[in-house]
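Notes for the one structure printed next.
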Amino acid sequence: MSAPLMPADRWGERLVRRLGLWSAVAVLVGSTIGSGIFRTPAGVAQRIDDVPLFLLAWVLGAIVVLCGALTYSELAAAFPRSGGVYVFVRESFGPLPAFLFCWAELWIIRPGAFGAIGITASAYTLRTLGADPAAALAVIGPIEIRAEQLLGAGFILLVGTVNYFGIHRGAVLQNLSTVLKVGALALLVLVGFTVGQPAEPIPGGIFAQRAVVGLSPFLLAMVAILWAYDGWADLAFVGGEVRDPGRNLPRALLIGTGVVVVLYLAANLVYLYLIPMPQMQAAVLLLELLVQDAE
């Protein structure tokens, strides 16, 4: 079922504008918060084992994201069309760069991002059910299909199917999943600070964990951090379906990005509070490590 079309509005958009402010915020927050906040901090700790610098890297990432949100708020209000970044590139640099951007999104950027998100989500799901994510389900020639790969593909197919049947159904699923993700992450932070105890007492507190960090490891860690923050710009892709876009798109970008930044910084603080840096460096999935410590 294709999205219903209307006569072109003053921005040239023909899709029905059904998303209000809070649905737009949910799109942004739900697109950003995901597996990155549970997987990325361990990888960052492997490169930055100095706690103050570790936190500084996440703060710098937040500053970059907030600057991007301010920029996108201007662009989205000026060009509230479906396609988001494609529209911005086309209006700024012409049709050829915009076309090349779309092909990069189609063949490289989105498949890689969806694959990483799907694999991590399925790994958590299978571990929760007591199954081994790395278990081989089938071998086709040189290709081995693991449980986490198959379930991850299923998750992607499910979300894609729901969105195929219209923005309204997609918005309901997005709002529900966003509430669950934000609630779970906020609960993790709250319980971690109020009930949790550090696994190992650290003389001088968590900020006493200092080390020498080179410029190259720090910059590599910043790449991972920016990937964890990635998703805030996805709201622009549905700009043509947001009501009162000149008002709601900038507000949703700033509110949603602010929520993500606060939750991410709080989550990293609770990780450092509960997990010593050497133990965090050896972790792959931090949520699994937190559950093991609790047990």
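The values are calculated or read from the model by the stated rules, or taken from the named source; none is laboratory data. All of these numbers come straight from a predicted model, not from anything done at the bench. In this analysis, Cβ positions are derived from the backbone assuming ideal geometry, glycine residues included, and neighbour counts consider all displayed protein chains. Note: areas computed on protein heavy atoms with side chains; ligands, DNA, RNA excluded. Shrake-Rupley method; radii C 1.70, N 1.55, O 1.52, S 1.80 Å.
Overview of values
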| quantity | calculated |
| --- | --- |
| Residue that is farthest from residue 245 (Cα to Cα) [pool: residues in segment 5-43 that are β-branched (Val, Ile, Thr) and under 16 Å from the mean Cα position of the chain (by Cα)] | 40 |
| Every residue from segment 217-242 that is modelled with pLDDT of 90 or more, open to solvent by 40 Å² or more (accessible area, probe 1.4 Å) and of a type outside the set (Val, Ile, Thr) | 217, 219, 220, 226 |
| Any hit, segment 93-100, residues being among the aromatic types (Phe, Trp, Tyr), open to solvent by less than 60 Å² (accessible area, probe 1.4 Å) and without any contact (Cβ under 8 Å) to a residue 60 or more places away in the chain | no |
| One residue from 187, 137 being part of a helix (DSSP H, G or I) and either at positive phi or hydrophobic (A, V, I, L, M, F, W, C) (or both) | 187 |
| Cross-chain or 6+ apart pairs with Cβ under 6 Å, segment 107-122 first and under 14 Å from residue 157 (Cα atoms), then open to solvent by less than 60 Å² (accessible area, probe 1.4 Å) and not small (Gly, Ala, Ser) | 119/148; 122/148; 122/151 |
| Residues of segment 135-183 satisfying the condition of being open to solvent by less than 60 Å² (accessible area, probe 1.4 Å) and within 18 Å of residue 260 (Cβ to Cβ) | 174, 175, 177, 178, 182, 183 |
| Enumeration of residues in segment 30-57 that are part of a helix (DSSP H, G or I) and within 17 Å of residue 234 (Cα to Cα) | 30, 31, 32, 36 |
| Test set (1) under 22 Å from residue 113 (Cα atoms); (2) touching a Ser or Thr at 6+ places or on another chain (Cβ under 8 Å) - residue 31 fails condition number | (2) |
| Residue match in segment 58-79 (condition: open to solvent by less than 30 Å² (accessible area, probe 1.4 Å) and part of a loop (DSSP other than H, G, I, E, B)) | no |
| Any hit, segment 244-256, residues being charged (D, E, K, R) and either in contact with a strand residue (DSSP E or B) (Cβ under 6 Å, 6 or more places away or on another chain) or at pLDDT below 90 (or both) | no |
